[in-house]
Amino acid sequence: VLQSSSLHSSSQQGFQYSRAILVENELFLSELRAFARAKAAAGYSQEELQETFAFLLFDKEEEAQRVCQSGLRVNSSNISTL
């Protein structure tokens, strides 16, 4: 899934992953559901409400653990590699 999710096909072989972890935080999922309900009620289309995924690349496992615990908010981090 990671290899096939590259934005550019030339990037597909440029990374080697040692481990990928799916994080599901119930508090964050609850916030996401409430956000989606509000957007749907405001008239957003199903296409606009469709979930998409991104992958973050961390230099250190501790950085990933911190994001998993506290979340990642717009303009709240110096993480810049998706």
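Nothing in this text is a laboratory measurement; each read-out follows from the coordinates by a stated rule. Please read these numbers as outputs of a predicted model, since none were measured by experiment. All Cβ positions, glycine included, derive from the backbone under ideal geometry; neighbour counts span all protein chains shown.
Things to note:
- Global size of the range 26-70 as Cα Rg and Dmax, reported in angstrom: 14.2, 41
- Low-density loop positions, trypsin sites (Lys or Arg not before Pro), the range 15-78 - DSSP coil, at most 14 other Cβ in 10 Å: Arg19, Lys60, Arg73
- Pairwise label distance in nanometres, Ala38 with Gln16, each label 7 Å out on the Cα-Cβ vector: 4.5 nm
- Low-density loop cleavage sites - chymotrypsin sites (Phe, Trp or Tyr not before Pro) in the range 15-45, where at most 15 other Cβ are within 10 Å (DSSP): Phe15, Tyr17, Tyr44
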